Amino acid sequence: MNNPQLSAMDAQKAATEAGFPQSAKYLVAQLYCDLDANAISPATTLAELHKRYDYVDAEQLKTALQLAFRLTVAVNGGVVVVSDGDTGKIIDQFPMPATPGGYGGRSPLGLGLSSMTAMLDRRRRYYNARDFFLHVHIMPTAKYTKSQGQHVEQLGELLLTYKGWDKKVEDLDVPFPDDMPFLEREVRCSYSPHQGYVGFDGERWRCDW
């Protein structure tokens, strides 16, 4: 970034707006600057980072990291991580460029859905399984190993959680989207913090965001 001092001030302001106490807002700024300088990696475990920032407790560090990560992604872009909610393993990762509006120029839900369906197209084992549990998060750009799904879940920004069933819509007690006539009655059911439960076609559903 062109002005790291301004970036630190912005991070302090964001921490204040998020309700951090006076002492903690400087931690957010420090983490933000350390990430920008590559002094720390977003892929480093929380336990390892706690050794570096041992003047705060682990829970406060976790909360500060979550905010610092969001600020970093907003400025520099990041990576969308799709992980298996049952195994805790990372399945796929997609770059997300920095854009003025954030989220790669898409809505948070649209970005999450398109990344998830891209993963299903690339990983046919999951697509054909029909019964799976996925998380989609945003993290700062880094090299995340397959085993770091829980790390991403701890610190990343959740876009959506998706549960697939091989059942009919009536069995799920989910309102069928009647304004989408191209869908059939065999559905998967997705849940997102933005829209709640929504039914989708289990065979031909795609996202065009």
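Just so it is clear, none of the values below were taken in a lab; they were calculated from the coordinates. Everything numeric in this text was worked out from a predicted model, so none of it was measured. Note that we place each Cβ from the backbone using ideal geometry, even for glycine, and neighbour counts take in every protein chain shown.
Label-to-label distance for THR99 and ALA118 is 1.1 nm, based on points extended 7 Å past Cα in the beta-carbon direction.
Select from GLN60, THR45, ALA18 the residue farthest towards the positive end of the dipole of segment 15-109; place +1 on Cβ of Lys and Arg, -1 on Cβ of Asp and Glu, and compute about the Cα centre. Value computed over the given set: ALA18. Our estimate of slack between GLU59 and THR87, defined as 0.36 nm per intervening residue step minus the Cα-Cα distance, is 7.7 nm. Computed extension gain for TYR26 through THR145, at 0.36 nm per residue and net of the alpha carbon distance, reaches 39.9 nm.
Mind checking the dipole of segment 4-76: about its Cα centre, +1 per Lys or Arg Cβ, -1 per Asp or Glu Cβ, Debye to the nearest 20?
60
Normalised by the number of residues in segment 26-115, the average gap of Cα pairs under 8 Å and 6 or more apart makes the relative contact order 21 percent. Label-to-label distance, ALA43 versus GLU17, with points set 7 angstrom from Cα along the beta-carbon direction: 3.1 nm.
Amide H contacts of ILE91: VAL82, SER83, ASP84, each under 5 Å away and 5 or more positions distant or on a separate chain (H built 1.01 Å from N in the peptide plane; Pro and chain starts excluded).
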